[in-house]
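Enquirer: Quick one: the structure is below, questions incoming.
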Amino acid sequence: MLENTRSIKKEMGTPFTKEIAYSINELRDCLLNLDAPLTAVLTTEGTGLVYHAGASEDGQKVLAWVPPVGIGQFGDPGFLRDYGVRAAYYAGAMANAIASTQMVIALGQAGLMGVYGAGGVSPERIEEAIKQIQSALPEGPYAFNLLHSPFEPQVEQHTVELYLRYGVQTVEAAAFIRLSDSLVQYRAAGLSQDADGRVVIKNRIIAKLSRTEVAVQFMQPAPEKILESLLAAGRISADQARLARLVPVADDITVEADSGGHTDQRPLVCLLPTMLALRDEIQAQYEYAHPPRVGVGGGIGTPEAVLAAYMMGAAYVVTGSINHASVEAGTSAHTKQLLATAAMTDVAMAPSADMFEMGGRVQVLKKGTLFAMRPQKLYELYTSYASVEDIPPQERQRLETKVFQRSLETVWADTERFFQKRDPAQLEKARKNPKMKMALIFRWYLGLASRWSCIGEPGREMDYQIWCGPVMGTFNDWARGTYLEPVNNRHAANIALHLLRGCAYRYRLQSLRVQGIQLPTTLDLYRPESPLIVSE
């Protein structure tokens, strides 16, 4: 997978030796030699580490032992098998192709999975992305996002049709409140049966969610009503409908805690145990051959967070915000620089474009932008007035000069042109419904704000919508003073491998400590000193 363009550095530090390590640097080197078994021994010089499997020698007392550990030993091995990856880790989708083709390909070449951010991307661009990624990664691993579009179901359907046509075998389903016909069609259309009668799943779904009532829908088989509707419409076969009743809708459930973008800001330490218990309860009822795995995202940005998630029982971990500032992210240099200097507290919630009328909110960066404040004002106006004509003149003038920077008539004209091409039916409804017209006008700003951030629109910097969770700040703290501090060094695959390597390092350190070995706290911090993937 890496032979043509890249190579991964060997994870060894110093060569194997029977010399005992006592100094901080020697101890760190031993712990970082992940392939080597380590023995803690007590000698007249104190406690040290040595490379052998536990046999004591003259003048040594064996105190503890830790085995070799690789990055692929954490999480559920089924995740590695099903997706053809070297670690139970993936980089989640960020809409508007912020999770770009370059990011997905770079991760795939490193043996890790990335999800292309198809939300908000035109069908033509999605199709081109599929071709590009499949050409670069013919055997994978890769996935594509399917963002729920409750107000534009035809957009979701067209995306599913593209995935089925091109044989995209893994999607990350995000922002779903309830299952859609399109999503169930994608799942059922990939089901078949082998010679032994076992269900073969070709189209895999990773559901990203944070609510138990949504998780239940993905952990259970597809609803009978949807299956009957799809069957009647000829969108699935009778065999596919039958097999869909035997498997859960999703193979994997990504429990999304306090993340960037759509989030309920729920604490991971509370959310994960709840979802694991729910999965076990549903598995006891349905007795699937392969129950859904439960992984975590939101707050994953340091080796300690990765290890904590695995130790809590996560089948895999997912990163998001920290990849927004990576070299491969499909966003502007200005946005990346803002993200790279963000602190944990530099985030806020703001109304979302896709669920504006429903009061949906997203977490965004507030440092260096006024976006978090301006959409909130739009939502207050939307809930207070029946139409744009009802907005008081003073408020309207402020909107046109400070926020839109053009008249509402001009914004509506732009909106008409957009929906005439994308979804004329919505346009007709808005012309008859002043409240809906107001919503579309306000969504013009919300939708463009994220695009302005991606392309680096000059003069609109204070309106940039930059999806970001508090983990961006913890990652920046961890990266400070290392080679990862400058934005131009933050390659997504190297970030991933350092997080995983640091996780393995911390695991070995903690394994010694739980056996009673008191090691200096100065060993605690894993520092990414240089790239683990280098160009040949």
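Enquirer: Checking residue 185 against (1) closer than 25 Å to residue 261 by Cβ; (2) in contact with a helix residue (DSSP H, G or I) (Cβ under 6 Å, 6 or more places away or on another chain), which single condition isn't satisfied?
Expert: Evaluating residue 185 over (1) closer than 25 Å to residue 261 by Cβ; (2) in contact with a helix residue (DSSP H, G or I) (Cβ under 6 Å, 6 or more places away or on another chain) leaves (1) as the failure.
Enquirer: Which of the residues that make up the stretch 496-536 are among the small types (Gly, Ala, Ser) and over 23 Å from residue 297 (Cβ atoms)? Steps first, answer last, please.
Expert: Let us first name the residues in the stretch 496-536 that are among the small types (Gly, Ala, Ser), namely 496, 502, 504, 511, 516, 530, 535.
Within the stretch 496-536, 511, 516, 530, 535 meet the criteria.
Enquirer: Among the numbered conditions (1) in a loop (DSSP other than H, G, I, E, B); (2) in contact (Cβ under 8 Å) with a residue 60 or more places away in the chain; (3) open to solvent by 10 Å² or more (accessible area, probe 1.4 Å), tell me where residue 525 comes up short.
Expert: (2)
Enquirer: Still on this model: Right, residue 72: over 17 Å from the mean Cα position of the chain (by Cα), closer than 30 Å to residue 26 by Cα and at pLDDT 95 or above or not? Spell out how you get there, then give the answer.
Expert: Values: over 17 Å from the mean Cα position of the chain (by Cα): yes; closer than 30 Å to residue 26 by Cα: yes; at pLDDT 95 or above: yes.
Yes.
Enquirer: Being crowded, with 24+ Cβ neighbours inside 10 Å and farther than 16 Å from residue 351 by Cα is the filter here; which residues of the stretch 456-478 pass it?
Expert: Here is the first cut: in the stretch 456-478, the ones crowded, with 24+ Cβ neighbours inside 10 Å are 464-469, 471-472, 475, 478.
Residues satisfying the conditions are 471, 472, 475, 478.
Enquirer: Where in the stretch 328-413 are the helices (runs of 4 or more DSSP H), entirely inside, with at least 1 residues that are open to solvent by less than 60 Å² (accessible area, probe 1.4 Å), closer than 30 Å to residue 428 by Cα and in contact with a strand residue (DSSP E or B) (Cβ under 7 Å, 6 or more places away or on another chain)? Spell out the reasoning first.
Expert: Numbers: elements: 333-340, 374-384, 393-398.
In the stretch 328-413, 374-384 are the helices (runs of 4 or more DSSP H) which contain 1 or more residues that are open to solvent by less than 60 Å² (accessible area, probe 1.4 Å), closer than 30 Å to residue 428 by Cα and in contact with a strand residue (DSSP E or B) (Cβ under 7 Å, 6 or more places away or on another chain).
Enquirer: Residue by residue through the stretch 496-522, note down the ones that are under 16 Å from residue 48 (Cα atoms), open to solvent by less than 70 Å² (accessible area, probe 1.4 Å) and out of contact with any Ser or Thr (no Cβ under 7 Å at 6 or more places or on another chain).
Expert: 508, 509, 510, 511, 512, 513, 516, 519, 520
Enquirer: Can you find, within the stretch 158-177, the residue that is most open to solvent (accessible area, probe 1.4 Å) among those that are under 28 Å from residue 358 (Cβ atoms) and aliphatic (A, V, I, L, M)?
Expert: Step by step, filter the stretch 158-177, then rank; the result is 177.
Enquirer: Go through 289, 314, 277 for me and flag whichever is open to solvent by 30 Å² or more (accessible area, probe 1.4 Å) and part of a loop (DSSP other than H, G, I, E, B). Even if it seems obvious, please write down each step before you answer.
Expert: Numbers: 314 fails: open to solvent by 30 Å² or more (accessible area, probe 1.4 Å); 277 fails: part of a loop (DSSP other than H, G, I, E, B).
Exactly one of 289, 314, 277 is open to solvent by 30 Å² or more (accessible area, probe 1.4 Å) and part of a loop (DSSP other than H, G, I, E, B), namely 289.
Enquirer: Oh, and also: Would you be able to say whether some residue in the stretch 437-455 is open to solvent by 30 Å² or more (accessible area, probe 1.4 Å) and without any contact (Cβ under 8 Å) to a residue 24 or more places away in the chain?
Expert: Among the residues of the stretch 437-455, at least one is open to solvent by 30 Å² or more (accessible area, probe 1.4 Å) and without any contact (Cβ under 8 Å) to a residue 24 or more places away in the chain, which makes the answer yes.
Enquirer: Taking residue 262 as meeting all but one of (1) in contact with a Phe, Trp or Tyr (Cβ under 9 Å, 6 or more places away or on another chain); (2) open to solvent by less than 20 Å² (accessible area, probe 1.4 Å), write down the number of the exception.
Expert: All conditions are met except number (2).
The values are calculated or read from the model by the stated rules, or taken from the named source; none is laboratory data. No experiment lies behind these values; they were computed from the predicted model shown. Cβ coordinates were reconstructed from backbone atoms using ideal geometry, including for glycine residues, and neighbour counts include every protein chain displayed. The accessibility values were calculated without ligands, DNA or RNA, using every heavy atom of the protein model including side chains. Shrake-Rupley method; radii C 1.70, N 1.55, O 1.52, S 1.80 Å.
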